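Okay, structure first, notes after.
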């Protein structure tokens, strides 16, 4: 993983190949300048853990919709998704690598939910 990163948005080299489960903080459309300097509205996904925002491409939008239960981005907030580096992505006929999303496995979801519930235990809930 890169130690120093320039730019405002998440890049593949900032992620491990195996991925990291992250909680979605927000998803909104924002104007982004393309390589020609023209502004266009793009979907931006903000994740916890200090990661930079991710500009969603068509593939990652479709994956998020499938994994998160629909296209209503307000409903994505608070849900977990795995973000990872895929070295096989090509752009313009050249293999460049990129960022991909996938759902959190059911076992990992159950583990995270159990840890969250344990953290919320009150002193009165302890059986001794």
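Taking the criterion of being more than 15 Å from residue 84 (Cα to Cα) and either out of contact with any strand residue (DSSP E or B) (no Cβ under 8 Å at 6 or more places or on another chain) or assigned to a loop (DSSP other than H, G, I, E, B) (or both), the residues of segment 57-73 that qualify are 58, 62, 65, 66, 69, 70, 71, 72.
Suppose we filter 19, 50, 78, 37 for residues that are surrounded by fewer than 13 Cβ atoms within 10 Å (Cβ to Cβ) and within 21 Å of residue 106 (Cβ to Cβ); which single one remains? Walk me through how you get there before you give the answer.
Numbers: 19 fails: surrounded by fewer than 13 Cβ atoms within 10 Å (Cβ to Cβ); 50 fails: within 21 Å of residue 106 (Cβ to Cβ); 37 fails: within 21 Å of residue 106 (Cβ to Cβ).
Going through 19, 50, 78, 37 in turn, the sole match is 78.
Of the set (1) more than 25 Å from residue 16 (Cα to Cα); (2) at pLDDT 85 or above; (3) surrounded by fewer than 11 Cβ atoms within 10 Å (Cβ to Cβ), all apply to residue 118 but (2). Filtered by the rule that a residue be at pLDDT 95 or above, outside any strand (DSSP E or B) and either closer than 11 Å to residue 101 by Cα or out of contact with any strand residue (DSSP E or B) (no Cβ under 7 Å at 6 or more places or on another chain) (or both), segment 36-56 gives 52, 56. Here is the figure for segment 27-56: residues that are touching a residue at least 40 places away in the same chain (Cβ under 8 Å) and either out of contact with any helix residue (DSSP H, G or I) (no Cβ under 8 Å at 6 or more places or on another chain) or over 22 Å from residue 73 (Cβ atoms) (or both) total 2.
The values are calculated or read from the model by the stated rules, or taken from the named source; none is laboratory data. Please read these numbers as outputs of a predicted model, since none were measured by experiment. Using ideal geometry, Cβ is built from the backbone for each residue, glycine included, and neighbour counts are taken over all protein chains shown.
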